[in-house]
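> Dropping the structure in here first, questions after.
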Amino acid sequence: MKRLVGVISLIAILFGATAVLVAAEPPNEITVRGRLKRTIEPGGWVITTGTTEYLIINSSNFQAEDWFKEGTEVEAVGETKPDVVSTFMEGTPFAARLLRPVGQSNTSVTAENKRTRVLVTGDAIVQAQPDTAILTISVVTQAKQAIDAQQQNATKSDAVMRAVKAAAGAGAEVKTSGYSLQPQRVFKEGQPPNISGYEARNSVTVTMSDLTKVGSVIDAAGQAGANDLAGISFTLRQDRPARNQALSEATAEAISKARVIAQALGGKVVRIVEVQEEGFQRPPQPLYQENLMMRSTVAAAPTPIQVGSLDISSRVQLVAEIETNM
């Protein structure tokens, strides 16, 4: 009887110990062994064991590791999350507490250090001196007959072209940019429109790099018969150095912002996940506009033209991954 009681006590002790061990394990924690594979959904990863797939819902915690790539055989310890729903439901949702490549136990990674991603924007403006001026000069003539308006315009336009070329110099580009011949109609209530005459317009675009001659070109065009100046715009023909400088400064500002955010969270920037450039140059603005028809053809003071600077802007948007202990 004593021996029986001793055996029963030993069995009770063994079963009691076993019960304690089972209760200490997390109810849903499992060990999964398989190969990493990308999902259909961008940025998603699963561990495929051959018959079952486990969707790693916290894969961003491990993606910075060199071995984290498609086809790597890994061992993971974690819990299934049946309440998590993904877009394509590729496998059983699984939160990994530990993930490591098989055969490299010393490279295991735990999810104790949290990783998060931040979106930051960097802006920069670089000022540059324009090197090109663009003028659009027109000759407008009107007459009762279309042929008269056309012939008068041809005579004046030829004189304007020659005067502009002489004033702009050999390096300038002078070309016809538009021509029109339109009837001038008079509208009266209850009557069909009546053609009172015709207007001919011949437009010339001048592109020049010697900005000191812009005022002289305007004066020469007006004296030769031009009577409409649409405006002047200044631009930068060789803008690559300025654009590169603006892009570099915008990128540096974005990275600096990411580091400030990381420091505020008590962590550090682990890597730059994505960079997108949204660079642009402010379009050339007309700085001068005048109706040359109102100018006198007699000798007058030369037209003053003040050339300002251009703003070359660049914007960079990047996604940085931050590791913290929070």
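The values are calculated or read from the model by the stated rules, or taken from the named source; none is laboratory data. Keep in mind that what you see is a predicted model, and the values were worked out from it rather than measured. Methodologically, a virtual Cβ is constructed for each residue, glycine included, from the backbone with ideal geometry; neighbour enumeration extends over all protein chains shown.
> From the list PRO82, PRO93, which one is closer than 20 Å to ARG115 by Cα and either in contact with a strand residue (DSSP E or B) (Cβ under 7 Å, 6 or more places away or on another chain) or not hydroxyl-bearing (Ser, Thr, Tyr) (or both)?
Numbers: PRO82 fails: closer than 20 Å to ARG115 by Cα.
Selected residue: PRO93, the only one of PRO82, PRO93 that is closer than 20 Å to ARG115 by Cα and either in contact with a strand residue (DSSP E or B) (Cβ under 7 Å, 6 or more places away or on another chain) or not hydroxyl-bearing (Ser, Thr, Tyr) (or both).
> Checking the structure you have, find out if any residue of segment 81-88 is within 16 Å of VAL32 (Cα to Cα), among the β-branched types (Val, Ile, Thr) and surrounded by 11 or more Cβ atoms within 10 Å (Cβ to Cβ).
There is no residue in segment 81-88 that is within 16 Å of VAL32 (Cα to Cα), among the β-branched types (Val, Ile, Thr) and surrounded by 11 or more Cβ atoms within 10 Å (Cβ to Cβ).
> Hey, could you check segment 196-213 for residues that are within 35 Å of the chain's Cα centre (by Cα) and buried (at least 19 other Cβ atoms within 10 Å of the Cβ) and say which is nearest to THR155 (Cα to Cα)? Reasoning before the result, please.
Within segment 196-213, the subset within 35 Å of the chain's Cα centre (by Cα) is 205-211.
From what's left, buried (at least 19 other Cβ atoms within 10 Å of the Cβ): 206, 208.
Numbers: VAL206: 19, MET208: 24 Å.
Among those residues, the one meeting the criterion is VAL206.
> From (1) among the small types (Gly, Ala, Ser); (2) in contact with a Ser or Thr (Cβ under 7 Å, 6 or more places away or on another chain); (3) more than 30 Å from VAL270 (Cβ to Cβ), pick out the condition that doesn't hold for GLY122.
Among (1) among the small types (Gly, Ala, Ser); (2) in contact with a Ser or Thr (Cβ under 7 Å, 6 or more places away or on another chain); (3) more than 30 Å from VAL270 (Cβ to Cβ), GLY122 violates only (3).
> Sticking with this structure for a sec: If the requirement is being touching a strand residue (DSSP E or B) at 6+ places or on another chain (Cβ under 8 Å) and under 30 Å from THR116 (Cβ atoms), which of these qualifies: GLY197, GLY231, GLY266?
Details: GLY197 fails: under 30 Å from THR116 (Cβ atoms); GLY231 fails: under 30 Å from THR116 (Cβ atoms).
Just one listed residue meets the conditions, GLY266.
> Output the number of residues of segment 140-159 satisfying the condition of being assigned to a helix (DSSP H, G or I) and not small (Gly, Ala, Ser). Full working, then the answer.
To start, the set of residues in segment 140-159 that are assigned to a helix (DSSP H, G or I) comprises 146-159.
Next, from what is left, pick out any that are not small (Gly, Ala, Ser): 147-148, 150-153, 155-156, 158.
Here the count works out to 9.
> Give the residues of segment 40-78 that are over 30 Å from the mean Cα position of the chain (by Cα), surrounded by 15 or more Cβ atoms within 10 Å (Cβ to Cβ), modelled with pLDDT of 90 or more and not β-branched (Val, Ile, Thr), sorted by residue number.
Once the filter is applied, which keeps residues that are over 30 Å from the mean Cα position of the chain (by Cα), surrounded by 15 or more Cβ atoms within 10 Å (Cβ to Cβ), modelled with pLDDT of 90 or more and not β-branched (Val, Ile, Thr), segment 40-78 yields GLU53, TYR54, LEU55, GLU75, ALA76, GLY78.
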